[in-house]
1. When you check TYR93 against the structure, is it without any contact (Cβ under 8 Å) to a residue 12 or more places away in the chain, assigned to a helix (DSSP H, G or I) and aromatic (Phe, Trp, Tyr), yes or no?
2. For MET1, are the conditions met, namely being exposed (fewer than 10 other Cβ atoms within 10 Å of the Cβ) and of a type outside the set (Ser, Thr, Tyr)?
3. Considering the range 46-62 alone, what residues qualify as being in a helix (DSSP H, G or I), polar (S, T, N, Q) and surrounded by fewer than 10 Cβ atoms within 10 Å (Cβ to Cβ)?
4. Looking only at residues in the range 70-88 that are surrounded by fewer than 10 Cβ atoms within 10 Å (Cβ to Cβ) and in a helix (DSSP H, G or I), which one is farthest from the chain's Cα centre (by Cα)?
5. Taking the range 70-104, which residues are at pLDDT 85 or above and among the charged types (D, E, K, R)?
6. Here are some residues: ALA30, ALA10, ALA20. Which one is among the hydrophobic types (A, V, I, L, M, F, W, C) and within 34 Å of the chain's Cα centre (by Cα)?
Amino acid sequence: MRALFYVLSAFAVMGLAIWAYDQNQKTQTAMRDVRSLRAEIHALNEALSVQRAEWAYLNRPQRLRALVDMNYARLGLMPLQGAQFGQIGEIPYPLIATQTEGSL
């Protein structure tokens, strides 16, 4: 009986060792994936920073003014004036339907 207990214990230890090894491999794979995703996120953040800097560079008021001056005749652009904007009261808001007790 004691020999059977030792054999079963040995198999249990081997089974737990195999399970632990498998879990270790899965953990290492997941950690590699996380490192890869973090590196990708970092690269995308850097690319986004570069694009924001380029956008700010291209939208400089001096550059836009020069473009407008160069293309004034072809585009027919006019300077903005306050009269070109509407008033708040001119916005057509939808009416809110009120519910009565009988329509519920």
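The values are calculated or read from the model by the stated rules, or taken from the named source; none is laboratory data. Model, not experiment: these values are computed from the prediction. Here the Cβ is made from the backbone with ideal geometry for all residues, glycine too, and neighbour counts use every protein chain on show.
1. On the way: without any contact (Cβ under 8 Å) to a residue 12 or more places away in the chain: yes; assigned to a helix (DSSP H, G or I): no; aromatic (Phe, Trp, Tyr): yes.
Judged against the criteria, TYR93 is not a match.
2. Details: exposed (fewer than 10 other Cβ atoms within 10 Å of the Cβ): yes; of a type outside the set (Ser, Thr, Tyr): yes.
Spelling it out, MET1 is indeed exposed (fewer than 10 other Cβ atoms within 10 Å of the Cβ) and of a type outside the set (Ser, Thr, Tyr).
3. Within the range 46-62, GLN62 is the sole residue that qualifies.
4. ALA73
5. ARG74
6. ALA30
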